[in-house]
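Enquirer: Just dropping this structure here.
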Amino acid sequence: QMCIRDSPTIPPSSSRADLSPETCEERCKCKLVQNYRSQYEYDLFLRTDFDTSGYTQWFFFRISNLRKGQTYKFNVMNFVKPSSLYNYGMKILCYSVNEEKGLWKREGTNIAYYKNSIQKGSGGYYYTLTFTLTASSDEMYVASDHPYSYTDLQSLIKEVCTEETKNTVQRTVLCKTIAGNECLMLTVTNFYSDKEDKKTIVFTARVHPGYFPA
């Protein structure tokens, strides 16, 4: 039987080292519950994003024990947005583990997004994203967009803030997020300078919890 699960690790690429599962747990916030319709068709239900009233906009999961060359159908049953780019040509993002060139590709056929008959507790109905994928290997990753996690961000900051760069860039913990993660602040300046009347420029970034990188 095919196995569908939240993706605990991101697949390796030519420019990145593989990450261990325990460092990638934040990628698994959008969990999946599967209903087995047939050997080649599955209904998937997304758990809502953290600290929201019910957003289900993105997904990222791994499928294993696939039969190469076989076509599988997936129905993601509980989206809330009334419209989607999947009805305007956007395809599903896939990564086949055992392919010679390990690249994320936009794939999928018979893609549709429509209102279904499942009622929401707050009124109205959920929407379904349905698509088919043909397995090119026995294990695949499936996502709505290219994964970029909190761990990825921390790794990048660690590369930037080193002993060699401490005179020009330093990091401090600004606060903690609702999930308990550290929200870091980078300060870029000449730390050797004792000038006190430096002009300050502040850059802030915000990611909506419904967006996939969140």
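The values are calculated or read from the model by the stated rules, or taken from the named source; none is laboratory data. As the structure is a computational prediction, the values presented were derived from the model and not from experiment. Cβ coordinates were reconstructed from backbone atoms using ideal geometry, including for glycine residues, and neighbour counts include every protein chain displayed. The area values use the complete protein model at the heavy-atom level, side chains included, leaving out ligands, DNA and RNA. Shrake-Rupley method; radii C 1.70, N 1.55, O 1.52, S 1.80 Å.
Enquirer: So, in segment 148-181, how many residues would count as being of a type in the set (A, V, I, L, M) and assigned to a loop (DSSP other than H, G, I, E, B)?
Expert: Here the count works out to 2.
Enquirer: Can I ask one more? Take the residues in segment 184-208 that are closer than 30 Å to Thr56 by Cβ and open to solvent by 50 Å² or more (accessible area, probe 1.4 Å), then tell me which one is modelled with the highest pLDDT.
Expert: Filtering segment 184-208 for residues that are closer than 30 Å to Thr56 by Cβ and open to solvent by 50 Å² or more (accessible area, probe 1.4 Å), the one modelled with the highest pLDDT comes out as Thr204.
Enquirer: Has segment 138-147 got at least one residue that is over 30 Å from Tyr72 (Cα atoms) and either β-branched (Val, Ile, Thr) or not in a loop (DSSP other than H, G, I, E, B) (or both)?
Expert: So far as segment 138-147 goes, no, none of its residues is over 30 Å from Tyr72 (Cα atoms) and either β-branched (Val, Ile, Thr) or not in a loop (DSSP other than H, G, I, E, B) (or both).
Enquirer: Give segment 39-93 a look and list any residue that's of a type in the set (S, T, N, Q), in a loop (DSSP other than H, G, I, E, B) and modelled with pLDDT under 85, or say none.
Expert: Listed by number, the residues that qualify are Gln39, Thr48, Thr52, Ser53, Thr56, Gln57, Asn65.
Enquirer: Looking at Lys105 and the list (1) of a type outside the set (Asp, Glu); (2) under 24 Å from the mean Cα position of the chain (by Cα); (3) more than 30 Å from Tyr40 (Cβ to Cβ), which single condition is not satisfied?
Expert: Failing condition for Lys105: (3).
Enquirer: Moving on. Pairs under 8 Å by beta carbon, first residue over 15 Å from Leu93 (Cβ atoms) in segment 135-162, partner of a type in the set (Lys, Arg) and part of a strand (DSSP E or B), six or more apart or different chains?
Expert: Once the first residue is over 15 Å from Leu93 (Cβ atoms) and sits in segment 135-162, its partners that are of a type in the set (Lys, Arg) and part of a strand (DSSP E or B) give Glu139/Arg62; Ile157/Arg171; Cys161/Arg171.
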